[in-house]
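Reading through the structure tokens given below for one structure.
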Amino acid sequence: MKKRSSSQKIQKARVKTKRAQESVTIGMDLGDRTSRYCMLGSEGESLREGQVQTSKAGMLEAFGSLGRARIAIEVGTHSPWVSRLLGSFGHEIVVANPRQVKLITESSRKDDRLDAQTLARLARIDPQLLRPIQHRSETAQTALTVIRVRAALIGVGTSLVNTARGLAKAMGERLPKCDADQRGVLGAESMPAKLRQLLEPLLKEVESLTEKIKDSDREIEQIARKDYPETALLPQVGGVGPLIALTFVLTVDDKTRFQKSRDVGCYIGLRPRRSDSGQRQPQLRITKEGDPYLRTMLVQGAHYILSRRGPDTDLKRWGLRLAERGGKRAKKKAVVAVARKLSILLHRLWVTGEVYEPLRNQNLRDLQKKSAA
């Protein structure tokens with residue numbers, strides 16, 4: 001009897017220790033070089049505070065051998081790889097949305113140590129208070145880097161082109177307009193010899209960047225075709241090419257993360273803000289949450305859909321009706337609304353694998369009229 005009671009005590013002690021380890025909550029304020037963390041126990045007591053190097057080796061040394069714990073971090077530059085690394089150690093990771101943590105962002109006593117404490121206490125009470133963010137996978141992050149590099153090249157090229165145009169205007173000349181994929185030419189032959197000689201360094205860099213952008217386009221098409229064949233479903237919609245399709249798939253990453261396709265518009269930040277109070281329901285701008293680059297791509301696609309070049313579709317007709325309502329911002333609102341609808345449509349095609357019918361709603365209305373007649 002004594003042996004059994006002693007063994008039971010040992011077992012209970014082990015269970016108690018295990019539960020204590022599992023109830024540990026850590027808040028960590030990520031810095032570029034070092035990060036501050038605060039460790040809380042099951043009753044909210046402070047167990048340990050410290051500093052760790054913001055590197056893979058530092059995270060491994062501090063948290064690699066620690067029992068399973070809940071670790072809260074804020075979204076930022078380092079949060080994707082840190083969350084994946086800590087998750088591989090067996091920890092529960094909560095990536096906080098900084099827009100929702102006003103206790104940190106608007107605190108009058110803001111420093112790294114207090115931020116870590118606040119994250120830990122909020123995560124211990126209820127992780128949903130932090131509106132957790134789900135980072136994309138490492139594979140998707142790597143492929144998305146190719147798209148980000150292309151965007152950076154376009155930004156640099158645009159800056160150089162604008163500089164060349166400004167310098168030419170100052171000398172009484174104008175560079176002719178050109179498409180984005182033909183910026184390397186810029187009508188250099190039509191310029192006076194002296195001006196062409198002065199602008200030659202800029203023109204050569206623009207030409208080099210244009211070729212690199214074309215190489216990136218080919219690489220993006222290859223990645224979409226080889227690694228993400230599901231992107232072939234999305235260009236069924238006019239205004240959506242391999243770039244928008246791959247950006248959408250990589251940014252969302254997991255098509256099952258949304259219960260309804262309508263939630264995608266909110267995720268990208270194309271949902272209007274809400275500040276309702278009583279009978280007052282003001283019209284506000286969109287939230288602009290989520291990935292800004294994907295939002296920009298969808299807006300560009302919406303511009304094409306509403307343009308004369310865009311094919312006749314239900315989405316285009318719906319957007320044009322919104323634009324015809326008048327007002328200074330009617331066209332802008334229509335573009336944003338079409339971009340939101342476009343994101344929903346792309347997710348729906350991705351999930352179902354259906355064949356896109358551009359005039360499905362119109363055809364249904366025509367059939368109903370014929371049957372009624």
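The values are calculated or read from the model by the stated rules, or taken from the named source; none is laboratory data. For clarity, every value in this text was computed on a predicted model and none was experimentally measured. Ideal geometry is used to build each Cβ from the backbone, glycine not excepted, and the neighbour counts take in all protein chains shown. The accessibility values were calculated without ligands, DNA or RNA, using every heavy atom of the protein model including side chains. Shrake-Rupley method; radii C 1.70, N 1.55, O 1.52, S 1.80 Å.
Kindly indicate the residue of the stretch 123-144 that is in a helix (DSSP H, G or I) and open to solvent by 70 Å² or more (accessible area, probe 1.4 Å) and also nearest to residue 292 (Cα to Cα) among those meeting that condition.
Filtering the stretch 123-144 for residues in a helix (DSSP H, G or I) gives 123-125, 127-130, 138-144.
Retained after the next criterion (residues that are open to solvent by 70 Å² or more (accessible area, probe 1.4 Å)): 124-125, 128-129, 138-139, 142.
Details: 124: 31, 125: 31, 128: 24, 129: 24, 138: 19, 139: 20, 142: 18 Å.
Looking at the filtered set, the residue picked out is 142.
Count, please, the residues in the stretch 57-69 that happen to be open to solvent by 60 Å² or more (accessible area, probe 1.4 Å) and either at pLDDT 95 or above or in a helix (DSSP H, G or I) (or both). Walk me through it before giving the result.
Taking the stretch 57-69 and keeping what is open to solvent by 60 Å² or more (accessible area, probe 1.4 Å), we get 57, 60-61, 65, 68.
Then keep just the ones that are either at pLDDT 95 or above or in a helix (DSSP H, G or I) (or both); that gives 57, 60-61.
Looking only at that region, the number is 3.
Filter the stretch 214-252 for residues that are within 13 Å of residue 346 (Cα to Cα) and among the acidic types (Asp, Glu) and give the result.
The answer is 230, and nothing else.
I'm checking my understanding of the structure. Among residues of the stretch 147-164 that are open to solvent by 30 Å² or more (accessible area, probe 1.4 Å) and among the β-branched types (Val, Ile, Thr), which one is farthest from residue 24 (Cα to Cα)?
Residue satisfying both the conditions and the ranking: 163.
Kindly provide the set of residues from the stretch 317-336 that are of a type in the set (A, V, I, L, M, F, W, C) and in contact (Cβ under 8 Å) with a residue 24 or more places away in the chain, ordered by number.
Matches in the stretch 317-336: 334, 335, 336.
This table checks each residue for (1) modelled with pLDDT under 85; (2) over 23 Å from residue 75 (Cα atoms); (3) buried (at least 16 other Cβ atoms within 10 Å of the Cβ); (4) hydroxyl-bearing (Ser, Thr, Tyr).
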residue	(1), (2), (3), (4)
259	no, yes, no, no
264	no, no, yes, no
270	no, no, yes, no
284	yes, yes, no, no
301	no, yes, yes, no
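Residue-wise test of (1) touching a strand residue (DSSP E or B) at 6+ places or on another chain (Cβ under 6 Å); (2) within 30 Å of residue 224 (Cβ to Cβ).
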position: 84; (1), (2): no, yes
position: 93; (1), (2): yes, yes
position: 98; (1), (2): yes, no
position: 110; (1), (2): no, no
position: 158; (1), (2): no, yes
position: 173; (1), (2): no, no
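Looking only at the stretch 235-251, decide whether some residue is in a helix (DSSP H, G or I) and either more than 19 Å from residue 150 (Cα to Cα) or in contact with a strand residue (DSSP E or B) (Cβ under 9 Å, 6 or more places away or on another chain) (or both).
yes
Under the condition of being of a type in the set (A, V, I, L, M, F, W, C) and outside any loop (DSSP other than H, G, I, E, B), which residue from the stretch 30-56 is nearest to residue 100 (Cα to Cα)?
Looking at residues that are of a type in the set (A, V, I, L, M, F, W, C) and outside any loop (DSSP other than H, G, I, E, B), I get 38.
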